[in-house]
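Undergrad: One structure coming up, written as structure tokens, with questions to follow.
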Amino acid sequence: MPFFMHFCKKFFCDRVARIFSNNRVNTAMGAKSSSFGIFYPFFKKICLFFSILFSALAVVAQDDPVVMHVNGIPVTRSEFEYNYNKNNAEGVIDKKTVEEYAQLFINYKLKVQAAMDAHLDTLTSFQKEFRTYRDQQIRPMLVPETVMEEECKAYYARMLSSLQGKDLIRPAHIFLRLPQRATKAEQEAMKARIDSVYTALKAGADFAELARKISQDPQSAKQGGLLPWIGPNQTLKEFEDVAYSLEVGSYSTPFLSTVGYHIIKLEGKRALESYDNLKSSIRSYLDAQGVQDKLALKRLESMAQHADEQKTVEQILDEETERLCAQDNDLKYLVKEYHDGLLLFEICTREVWEPASKDTTGLERFFKKNKKKYEWKEPHFRGMMYYCRNKADIKAVKKALKKVPEQEWTAVVRKQFNKDSVMVRMDRRMFKKGDNPNVDVLAFKDKKAEIRPITDFPYAAVLGTVLKKGPQSWTDVNSQVVSDYQRMCEDAFVEELRKRYPVEIHEEVLKTVNKH
């Protein structure tokens, strides 16, 4: 901004000085009239225009000063505040001071700059993912609230019309399924069973309790046979006719539908609630159905079709994003957050996280140097808990895996014992006491624990090593070591970026964050 103001001011002064100079020359040469005198009113207006422009630019710069430069790129106070306040909001455990956060924000910007220099923003995969996130935010904003209100009202009108003047009802049922190709004997048996249920109901049995025990509709059975609120034409005609014929609290005689036998109890009846009461629910439903997104796409297609020059929907969406972001700083920084966040993830994945996770030599060296950090307070068991159908397989599995590396155990068991059917079930990992009662008994020799065999796999055994003093290799604490090693590599990456790119913090502006 200061450079632009300086450029405008210099351009204007140079032009005026040149005309003044020309005027003096004309006068010195004895010209009959002064050209400057003719254009004086015009230059008076120009002076006024630039005076207002410089004042406006000065106010903007003053209202949103630059808090830092990262590789020469300015970061305004409003952008810094947006990120700082978002990452230090209510509920954040590790809150940072403005000064502490400034250093983290610089690291963030440096990674983004590295990604830009690597042209990761030109990747098709990046652009596609960024548009997906951005469009989820922008598309709904292209649909006026009045349009969504009309959609909600239209949906309510359709609901009202579908009721055909009837109320909503809430039935419960006891259901016994009857296959379409059931034999006569099967039909008679099922009829006799549903009749016995009906007899029990007449004798005073609880409908909900019977539904839970007997009904073959698992979903409603859990709820004592209770079904959702329904209207006309939402279920089987036989079911609907019977349900609408009942009074609230009464139940039907057994009847046959195309899927089986039912006994219905009517739990409730009510008119459709008013639009105002259902408005928020309807809106949520339409949002879940993607109605707003479809309306946004329709509008974008119309805008592209009626544009002065040929444009794609994506181009129109880019223009609309720019327009909306110019009106709303929070939206602008949110879109920027999507953009920069994806770049950061991409550069860190390529330069740090993935290479570090595959650097087995570096991981082993890091583990040995920091071994004390990973010591355990109690023993761990590294190995396999396995269960067999046949007792003889306990020894057979141990024999088969005797000289096989641990990482290949699963493949060997699958090939030798589970090729045609599952004869051995296994759980291979690092166990600590309390993770598995069977491991507690068989590996840790805990006399208070009890073996809990798996159904159909009554024979249990373990194969592996009890590590008393701590992990022997970095692979014993794989996730912890990889995470810590990645963090160390990331710190080194940031240190290199700080040497590569110049950073300048404007301390006086930083002190005004959230205080203006």
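The values are calculated or read from the model by the stated rules, or taken from the named source; none is laboratory data. Values in this document were obtained by computation on a predicted structure and should not be read as measured data. In this analysis, Cβ positions are derived from the backbone assuming ideal geometry, glycine residues included, and neighbour counts consider all displayed protein chains. Heads up: the accessible areas ignore ligands, DNA and RNA and are worked out on the full protein's heavy atoms, side chains in. Shrake-Rupley method; radii C 1.70, N 1.55, O 1.52, S 1.80 Å.
Undergrad: Pairs please, first residue from region 446-457 and without any contact (Cβ under 8 Å) to a residue 24 or more places away in the chain, second anywhere and assigned to a strand (DSSP E or B) and open to solvent by less than 100 Å² (accessible area, probe 1.4 Å), Cβ atoms under 7 Å, 6+ apart in sequence or on different chains.
TA: 451/460
Undergrad: Can residue 111 be described as farther than 22 Å from residue 288 by Cβ and assigned to a loop (DSSP other than H, G, I, E, B)?
TA: no
Undergrad: Here's another thing I want to ask about it. Residues being more than 22 Å from the chain's Cα centre (by Cα) and closer than 30 Å to residue 135 by Cα: count how many of those fall in region 277-296.
TA: Number satisfying all stated conditions: 6.
Undergrad: What number of residues within region 214-223 are polar (S, T, N, Q) and open to solvent by 60 Å² or more (accessible area, probe 1.4 Å)?
TA: Of the residues in region 214-223, 3 are polar (S, T, N, Q) and open to solvent by 60 Å² or more (accessible area, probe 1.4 Å).
Undergrad: Quick check on residue 115: is it among the aliphatic types (A, V, I, L, M) and within 20 Å of residue 329 (Cα to Cα)?
TA: No.
Undergrad: I'm told residue 450 meets every condition in (1) at pLDDT below 95; (2) within 39 Å of the chain's Cα centre (by Cα) except one. Can you identify the failing condition by its number?
TA: With (1) at pLDDT below 95; (2) within 39 Å of the chain's Cα centre (by Cα) applied to residue 450, the lone miss is (2).
Undergrad: Here's another thing I want to ask about it. Need a quick list: helices (runs of 4 or more DSSP H) entirely within region 300-372 having at least 2 residues that are more than 23 Å from residue 483 (Cβ to Cβ) and among the small types (Gly, Ala, Ser).
TA: By residue number, no helices (runs of 4 or more DSSP H) qualify.
Undergrad: Still on this structure: Is it the case that region 339-349 has a residue that's over 24 Å from the mean Cα position of the chain (by Cα) and of a type outside the set (Lys, Arg)?
TA: No; the residues of region 339-349 include none that is over 24 Å from the mean Cα position of the chain (by Cα) and of a type outside the set (Lys, Arg).
Undergrad: Taking region 380-422 as the region of interest, how many residues are out of contact with any helix residue (DSSP H, G or I) (no Cβ under 6 Å at 6 or more places or on another chain), farther than 24 Å from residue 473 by Cα and open to solvent by 50 Å² or more (accessible area, probe 1.4 Å)?
TA: Of the residues in that region, 12 qualify.
Undergrad: Right, another one. Output the residues belonging to region 224-245 that are buried (at least 17 other Cβ atoms within 10 Å of the Cβ) and touching a Ser or Thr at 6+ places or on another chain (Cβ under 7 Å).
TA: 225, 226, 227, 231, 239, 242
Undergrad: Still on this structure, I have one more. So, in region 114-147, how many residues would count as being under 13 Å from residue 344 (Cα atoms) and assigned to a loop (DSSP other than H, G, I, E, B)?
TA: So the count comes out to 2.
Undergrad: What are the residues in region 155-167 that are in a helix (DSSP H, G or I) and either of a type in the set (Lys, Arg) or under 14 Å from residue 292 (Cα atoms) (or both), if any?
TA: If the condition is that a residue be in a helix (DSSP H, G or I) and either of a type in the set (Lys, Arg) or under 14 Å from residue 292 (Cα atoms) (or both), then 155, 158 are the ones that fit.
Undergrad: Follow-up. Any idea which residue in region 332-379 is surrounded by the fewest Cβ atoms within 10 Å (Cβ to Cβ), counting only those that are modelled with pLDDT of 95 or more and of a type in the set (Phe, Trp, Tyr)?
TA: Looking at the filtered set, the residue picked out is 345.
Undergrad: With respect to residue 271, is the statement that it is surrounded by fewer than 17 Cβ atoms within 10 Å (Cβ to Cβ), more than 30 Å from residue 191 (Cβ to Cβ) and in contact with an Asp or Glu (Cβ under 8 Å, 6 or more places away or on another chain) true?
TA: Working: surrounded by fewer than 17 Cβ atoms within 10 Å (Cβ to Cβ): yes; more than 30 Å from residue 191 (Cβ to Cβ): yes; in contact with an Asp or Glu (Cβ under 8 Å, 6 or more places away or on another chain): yes.
Spelling it out, residue 271 is indeed surrounded by fewer than 17 Cβ atoms within 10 Å (Cβ to Cβ), more than 30 Å from residue 191 (Cβ to Cβ) and in contact with an Asp or Glu (Cβ under 8 Å, 6 or more places away or on another chain).
Undergrad: Looking at region 158-213, which of the residues that are loosely packed, with under 13 Cβ neighbours inside 10 Å and of a type in the set (S, T, N, Q) is farthest from residue 244 (Cα to Cα)?
TA: That would be 183.
Undergrad: While we're here: Residues that are of a type in the set (Asp, Glu) and under 17 Å from residue 159 (Cα atoms): does region 290-306 have at least one?
TA: no
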